[in-house]
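S.K.: Quick one: structure below, then a few questions.
The values are calculated or read from the model by the stated rules, or taken from the named source; none is laboratory data. No experiment lies behind these values; they were computed from the predicted model shown. Please note: Cβ atoms are built from the backbone with ideal geometry, for glycine as well, and neighbour counts cover all protein chains shown.
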Ligand code: GRF
């Protein structure tokens with residue numbers, strides 16, 4: 001059984017995609033052992049509660065300095081003893097100690113076809129605003145291993161999504177979520193659980 005800890009910051013639609021895929025069998029042999037949020041009011045925490053999944057909030061404002069926050073974040077992950085850490089809309093730069101300790105065992109979903117529209121400052125709607133501003137006709141989503149950089153780790157899976165005339169950032173974000181993110185993240189986890197994608 002693959003034990004996964006899912007880190008979230010917001011709406012949790014990618015977390016929900018994982019929960020649903022486990023429930024309907026598209027992800028086999030996998031258990032979400034903990035949800036970790038850096039925001040106490042993240043709707044993702046509601047989703048975890050509804051699914052009966054243990055969840056903790058580790059908020060920067062609860063700690064006197066960055067180091068103690070990072071230690072608490074790593075502690076919350078370690079307590080869950082996961083095989084895999086999934087960053088699903090998690091907007092915190094991971095402590096280097098955590099990246100080193102869980103090397104090749106942390107994956108992230110990014111809402112573009114890396115190396116386009118990624119790196120510092122490219123998150124959420126900003127990614128889609130940049131794609132529309134550049135005038136690309138195709139965008140998509142990427143699942144990659146997390147290393148010390150921002151969106152720089154080895155790419156695992158990608159899925160392309162068409163951009164249509166008149167798309168707004170919000171319309172495009174929804175299409176990328178529905179047609180790409182919510183598909184390739186569960187697929188990747190299922191393949192890791194089946195040993196088809198090697199971790200660690
Ligand atoms: C989405 O844009 C996703 O691509 C990115 O974070 C945003 C929120 O995701 N990773 P979620 O709804 O909280 O899963």
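S.K.: Would it be correct to say that residue 162 is on the phi < 0 side of the Ramachandran plot, away from the ligand (no atom under 11 Å from the Cβ) and surrounded by 13 or more Cβ atoms within 10 Å (Cβ to Cβ)? Before the answer, list the steps.
M.R.: Numbers: on the phi < 0 side of the Ramachandran plot: yes; away from the ligand (no atom under 11 Å from the Cβ): yes; surrounded by 13 or more Cβ atoms within 10 Å (Cβ to Cβ): no.
Criteria not met by residue 162.
S.K.: Here's a check for you: in the range 103-112, which residue that is surrounded by fewer than 22 Cβ atoms within 10 Å (Cβ to Cβ) and under 15 Å from the mean Cα position of the chain (by Cα) is farthest from residue 13 (Cα to Cα)?
M.R.: Looking at the filtered set, the residue picked out is 104.
S.K.: Can you name the residue in the range 92-101 that is under 15 Å from the mean Cα position of the chain (by Cα) and within 30 Å of residue 194 (Cβ to Cβ) and, of all such residues, is surrounded by the most Cβ atoms within 10 Å (Cβ to Cβ)?
M.R.: 94
S.K.: When you go through (1) surrounded by 20 or more Cβ atoms within 10 Å (Cβ to Cβ); (2) touching a residue at least 40 places away in the same chain (Cβ under 8 Å) one by one for residue 118, which number turns out not to apply?
M.R.: Here residue 118 clears every test but (2).
S.K.: In the range 56-68, is there at least one residue being without any contact (Cβ under 8 Å) to a residue 24 or more places away in the chain and crowded, with 21+ Cβ neighbours inside 10 Å?
M.R.: Yes, some residue in the range 56-68 is without any contact (Cβ under 8 Å) to a residue 24 or more places away in the chain and crowded, with 21+ Cβ neighbours inside 10 Å.
S.K.: Please enumerate the residues belonging to the range 32-48 that are part of a loop (DSSP other than H, G, I, E, B) and over 11 Å from residue 12 (Cβ atoms).
M.R.: Those that are part of a loop (DSSP other than H, G, I, E, B) and over 11 Å from residue 12 (Cβ atoms): 38, 40, 41.
S.K.: Given the conditions (1) within 14 Å of the ligand (Cβ to nearest atom); (2) closer than 20 Å to residue 13 by Cβ, report the number of the one that residue 156 does not fulfil.
M.R.: It fails just one condition, (1).
S.K.: Hey, does the range 133-140 have a residue that's more than 11 Å from the chain's Cα centre (by Cα), modelled with pLDDT of 95 or more and within 12 Å of the ligand (Cβ to nearest atom)?
M.R.: Yes, the conditions are met somewhere in the range 133-140.
S.K.: Here's a follow-up. All but one of (1) surrounded by fewer than 13 Cβ atoms within 10 Å (Cβ to Cβ); (2) within 13 Å of the ligand (Cβ to nearest atom) hold for residue 195, so report the exception by its number.
M.R.: The failed condition is (2).
S.K.: Return the total of residues in the range 76-101 being touching a helix residue (DSSP H, G or I) at 6+ places or on another chain (Cβ under 9 Å) and free of Cβ contacts under 8 Å to residues at least 40 places away in the same chain.
M.R.: Matching residues across the range 76-101 total 5.
S.K.: Could you tell me how many of the residues in the range 174-192 are within 15 Å of the ligand (Cβ to nearest atom) and either within 15 Å of the chain's Cα centre (by Cα) or closer than 17 Å to residue 4 by Cα (or both)?
M.R.: Within the range 174-192, the subset within 15 Å of the ligand (Cβ to nearest atom) is 174-186, 188-189.
Checking the rest, the ones that are also either within 15 Å of the chain's Cα centre (by Cα) or closer than 17 Å to residue 4 by Cα (or both) come to 176-178, 180-186, 188-189.
Summing the residues that are within 15 Å of the ligand (Cβ to nearest atom) and either within 15 Å of the chain's Cα centre (by Cα) or closer than 17 Å to residue 4 by Cα (or both) in the range 174-192 gives 12.
S.K.: From the list 85, 146, 127, which residue is surrounded by 15 or more Cβ atoms within 10 Å (Cβ to Cβ) and near the ligand (Cβ under 10 Å from one of its atoms)?
M.R.: Testing whether each residue is surrounded by 15 or more Cβ atoms within 10 Å (Cβ to Cβ) and near the ligand (Cβ under 10 Å from one of its atoms) leaves just 127.
S.K.: Looking only at the range 6-28, which residues are within 9 Å of the ligand (Cβ to nearest atom) and part of a helix (DSSP H, G or I)?
M.R.: Scanning the range 6-28 gives 13, 14, 15, 16, 17.
S.K.: Also, quick follow-up: Among the residues of the range 163-181, is any assigned to a strand (DSSP E or B) and at pLDDT 95 or above? Working first, answer last.
M.R.: First, the residues of the range 163-181 that are assigned to a strand (DSSP E or B): none.
Scanning the range 163-181 turns up no residue that is assigned to a strand (DSSP E or B) and at pLDDT 95 or above.
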